[in-house]
1. With the requirement that a residue be at pLDDT 95 or above and not in a loop (DSSP other than H, G, I, E, B), what does the stretch 1-23 give you?
2. Checking the structure you have, find out if any residue of the stretch 143-163 is touching a residue at least 40 places away in the same chain (Cβ under 8 Å), out of contact with any helix residue (DSSP H, G or I) (no Cβ under 8 Å at 6 or more places or on another chain) and within 25 Å of residue 204 (Cα to Cα).
3. For the stretch 290-317: of the residues being over 18 Å from the mean Cα position of the chain (by Cα) and part of a loop (DSSP other than H, G, I, E, B), which is nearest to residue 132 (Cα to Cα)?
4. Right, residue 239: crowded, with 16+ Cβ neighbours inside 10 Å, within 20 Å of residue 315 (Cα to Cα) and touching a strand residue (DSSP E or B) at 6+ places or on another chain (Cβ under 7 Å) or not?
5. List the number of the failed condition for residue 107; all other conditions in (1) under 24 Å from residue 332 (Cα atoms); (2) in contact with a helix residue (DSSP H, G or I) (Cβ under 6 Å, 6 or more places away or on another chain) hold.
6. Of the residues that make up the stretch 134-147, is at least one under 30 Å from residue 42 (Cα atoms) and under 13 Å from the mean Cα position of the chain (by Cα)?
7. Please determine, by comparing only the residues of the stretch 320-352 that are assigned to a loop (DSSP other than H, G, I, E, B) and touching a strand residue (DSSP E or B) at 6+ places or on another chain (Cβ under 6 Å), which one is farthest from residue 261 (Cα to Cα).
8. Could you tell me whether residue 45 is farther than 30 Å from residue 291 by Cβ, touching a residue at least 60 places away in the same chain (Cβ under 8 Å), outside the structural domain of residue 179 (by TED's automatic domain parsing) and surrounded by fewer than 20 Cβ atoms within 10 Å (Cβ to Cβ)?
């Protein structure tokens, strides 16, 4: 029985396989990859929580949290963040800290971390309190005629959407995070075996990485059998506007709604509260779980951390700009929270450098 990390060694399929990739190198320098968080709300200016807009360069989310905790002399549990951000990048995001930290905020700046704004708000910033992220990314060392190929790929993606794969960074260096998650689910290690200062962060991330890997396998299967854009009886669909999931029992009607971008096909984030597909889609997802030597009982052990959900199989882009710059191509686009820019760029590059 192959582990999840072994199964994921098989290259993921492309939407735009008929067009050659532009090749290239991603993140040649941190300044080639810029991310700015689009917050769900801005701080109102008063309240018991201090909000900091922070720019970091070449710093991981975990390193940022450690720095904030140390300098501000507060527990990491007291620090609020809306989402994790890439390390090899220039990123801008909001964090919240208790008002007791305010006098130490001037000590936060380093060569790699800057506080851009300080405000206040009535509640702690929580995971998911963001609309999405705005990206500006330069790809270098391109194949010849890369711009023409990129324009062709762009048109296809604007028409058909982008596969909503989780990026490989989700699984850790050499898939270590994913392997930790598998061991936790199978009971070969316990959360107590993880150092206390990293336990809460790593356990949540590791378990989530297993859900992400299984989702990728389901999406790869549906891409390979050309069913991502096809509504099948028993599919769990999601209403784009509200996010509400439902099981399709009228594929013909739902296909029209899909083509009007009112609903979207979804894949599994396994857990006890996940809405289950039925008929063929249900059997296909169950087979992916079985091949990985996992079952629903494994996720019930950590039901607070792995409650289960559905995730869109594709993401439609409202805009996607591609421009020529010195020694490369610049891509600009916005993505909803939880969608990976590297998976958009992967469709263009086709060398898995992303």
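The values are calculated or read from the model by the stated rules, or taken from the named source; none is laboratory data. Note that this is a predicted model, so its numbers are computed, not measured. All Cβ positions, glycine included, derive from the backbone under ideal geometry; neighbour counts span all protein chains shown.
1. Of everything in the stretch 1-23, just one residue is at pLDDT 95 or above and not in a loop (DSSP other than H, G, I, E, B), namely 23.
2. Within the stretch 143-163, none of the residues are touching a residue at least 40 places away in the same chain (Cβ under 8 Å), out of contact with any helix residue (DSSP H, G or I) (no Cβ under 8 Å at 6 or more places or on another chain) and within 25 Å of residue 204 (Cα to Cα).
3. Let us first name the residues in the stretch 290-317 that are over 18 Å from the mean Cα position of the chain (by Cα), namely 290-304.
From the residues that got through so far, the ones that are part of a loop (DSSP other than H, G, I, E, B) too are 292-295, 301-304.
On the way: 292: 31, 293: 34, 294: 32, 295: 32, 301: 31, 302: 27, 303: 26, 304: 24 Å.
Only one residue fits best here, namely 304.
4. Working: crowded, with 16+ Cβ neighbours inside 10 Å: no; within 20 Å of residue 315 (Cα to Cα): yes; touching a strand residue (DSSP E or B) at 6+ places or on another chain (Cβ under 7 Å): yes.
Here the answer is no, as residue 239 does not meet what is asked.
5. Of the numbered conditions (1) under 24 Å from residue 332 (Cα atoms); (2) in contact with a helix residue (DSSP H, G or I) (Cβ under 6 Å, 6 or more places away or on another chain), the odd one out for residue 107 is (1).
6. Let us first name the residues in the stretch 134-147 that are under 30 Å from residue 42 (Cα atoms), namely 134-138.
Narrowing the set further to residues that are under 13 Å from the mean Cα position of the chain (by Cα) leaves none.
There is no residue in the stretch 134-147 that is under 30 Å from residue 42 (Cα atoms) and under 13 Å from the mean Cα position of the chain (by Cα).
7. Step one: of the stretch 320-352, the residues assigned to a loop (DSSP other than H, G, I, E, B) are 320, 326-327, 337-340, 350-352.
Among the residues that remain, those that are also touching a strand residue (DSSP E or B) at 6+ places or on another chain (Cβ under 6 Å) are: 320, 327, 337, 339, 351.
On the way: 320: 17, 327: 37, 337: 18, 339: 18, 351: 30 Å.
Selected residue: 327.
8. The answer is yes for residue 45.
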